[in-house]
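Scroll down for the structure; my scribbles are underneath it.
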Ligand SMILES: Nc1ncnc2c1ncn2[C@@H]1O[C@H](COP(=O)(O)OP(=O)(O)OP(=O)(O)O)[C@@H](O)[C@H]1O
């Protein structure tokens with residue numbers, strides 16, 4: 001998943017180290033390159049670090065120097081125009097687990113939320129409202145989690161993006177809406193836009209994704225380009241699983257957290273492989 005030298009944009013992470021306060025290192029010398037125009041699946045077991053990586057890419061955590069985490073040729077944390085400026089549109093649509101949904105639960109309508117976003121193309125807005133089947137009269141403190149999620153996703157996609165970070169956005173959506181949404185993200189991406197999507201649900205993603213990156217215990221274990229056809233895409237994801245699974249038994253690198261004794265037993269089932277059955 002290398003970026004050609006001179007490419008403007010994409011995502012580059014090199015030699016990243018990160019740990020939460022008082023915790024063992026989550027990432028040690030982590031490298032990742034996502035080429036501009038890619039749609040990259042971020043795959044990994046619970047707790048492998050997907051959400052944390054997306055937060056870092058979104059500039060939520062300061063990591064190392066200016067060159068460690070680069071998004072659209074800017075430092076993800078230091079260059080505030082990535083999030084605040086209109087010239088480098090980065091959109092982050094996060095799942096229910098981090099967002100907490102508190103900002104969307106007041107007594108105001110979906111219309112108030114959606115039409116409160118300025119500088120939006122009305123056609124794009126209409127398309128999203130229609131696609132997500134949003135009733136503009138919904139009161140945000142009375143709707144279901146899935147309905148609240150729809151409004152949240154709509155707001156995240158109102159503006160065109162060059163980088164879109166998706167974290168399990170589809171958990172509350174029905175399958176048809178999920179596919180429509182992924183199709184929207186592909187069709188309405190500006191030229192060269194990069195999408196990173198962390199998910200555990202692979203159905204329908206074989207042809208959507210152009211790349212897959214597998215994280216295990218805070219390390220990038222496999223990064224693959226997908227083929228264009230559906231069957232080849234499946235094989236690619238399966239290959240990704242086969243390659244990373246045997247590494248489960250390898251000793252962790254120096255400085256990494258110690259495995260719990262149970263995790264070293266030979267008969268322990270592999271949650272990682274379960275994704276590819
Ligand atoms: N705010 C925090 N403080 C301390 N540790 C954290 C914090 N957030 C996450 N962690 C830990 O970091 C590790 C990675 O968490 P993360 O949420 O990035 O994993 P994930 O791959 O997104 O998991 P899941 O698939 O369950 O969403 C976990 O062990 C988690 O307990």
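None of the figures in this text is laboratory data; all of them are computed from the coordinates on show. For clarity, every value in this text was computed on a predicted model and none was experimentally measured. When we count neighbours, we look across all protein chains shown, and the Cβ atoms used for this are built from the backbone with ideal geometry, even at glycine.
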Expected unfolding gain across residue 179-residue 191 under the 0.36 nm per residue rule, minus the alpha-carbon gap, is 2.2 nm
Pseudo-spin-label distance residue 31 to residue 109, built 7 Å along Cα→Cβ, given in nm, is 5.4 nm
Percent of all Cα-Cα pairs per 10 Å bin for the stretch 114-230, counting from 0 up to the last occupied bin, reads 12, 42, 32, 13, 2
Listing 115, 77 by rising number of other beta-carbon atoms within 10 angstrom, fewest first, gives 115, 77
Each label sits 7 Å from Cα toward the beta-carbon; between residue 20 and residue 124 the label points are separated, in nm, by 3.4 nm
